[in-house]
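Data block below; observations after.
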Amino acid sequence: DARADMGSVSASAAAEGLIAEDEAYVQSRAVKAAVQQLQKACGEWPPKLPATKNKYHLFKSKDERYRCIAAHISSAIARARLKCWLTQEHKNQGQLIDITNMQQGVDESASSCLSLPTGIGHANRKWVWRAEIVHG
């Protein structure tokens, strides 16, 4: 029955969504713990941005398959009063995202955070290589 197959697909998709949400929660908790350690070490919070890379504290790279997780991490970073460049936030504001704009985000960020899921290092991942790793 086609409806039975659709039900199992929907249940499977929902289960995958829950797994992604749980993973995002764990990662955002890890970010919160790391920020607490940084606050203790830095004394001044949020830390001042350097003169040359002064728009964002962090450029958050991600694989589109895991954008939900990246959004949770970015949200945790924002709650820590750090400025984070994340593709999805710029897309949501109607900005064009191309390699040049991503390189500008790297240039305007004091540091980068690269998630490394399986396959992220493949040579055909031009966004990662040209916009983030080689450029940065």
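The values are calculated or read from the model by the stated rules, or taken from the named source; none is laboratory data. It should be emphasised that the depicted structure is a prediction, and the values quoted were computed from it without experimental measurement. Here Cβ is always computed from backbone atoms with ideal geometry, including for glycine, and neighbour counts include all displayed protein chains. Just the protein is used for accessible areas: all its heavy atoms, side chains included, with ligands, DNA and RNA removed. Shrake-Rupley method; radii C 1.70, N 1.55, O 1.52, S 1.80 Å.
Rundown of residues vs (1) open to solvent by 70 Å² or more (accessible area, probe 1.4 Å); (2) part of a strand (DSSP E or B), yes/no style:
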{"position": "Thr52", "(1), (2)": "yes, no"}
{"position": "Trp85", "(1), (2)": "no, yes"}
{"position": "His90", "(1), (2)": "no, no"}
{"position": "Gly105", "(1), (2)": "no, no"}
{"position": "Leu116", "(1), (2)": "yes, no"}
{"position": "Gly119", "(1), (2)": "no, no"}
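Specify the residue that is farthest from Val134 (Cα to Cα); the eligible residues are those in the stretch 63-83 that are aliphatic (A, V, I, L, M) and open to solvent by 20 Å² or more (accessible area, probe 1.4 Å).
Residue satisfying both the conditions and the ranking: Ala78.
What are the pairs, 6+ residues apart or on separate chains, where a residue within the stretch 62-82 that is in a loop (DSSP other than H, G, I, E, B) has its Cβ under 7 Å from a residue that is surrounded by fewer than 22 Cβ atoms within 10 Å (Cβ to Cβ) and of a type in the set (Gly, Ala, Ser)?
Every condition considered, the pairs that remain are Lys62/Ser115; Asp63/Ser115.
Please count how many residues of the stretch 87-136 are free of Cβ contacts under 8 Å to residues at least 40 places away in the same chain and in contact with a Leu (Cβ under 9 Å, 6 or more places away or on another chain).
Selection size over the stretch 87-136: 2.
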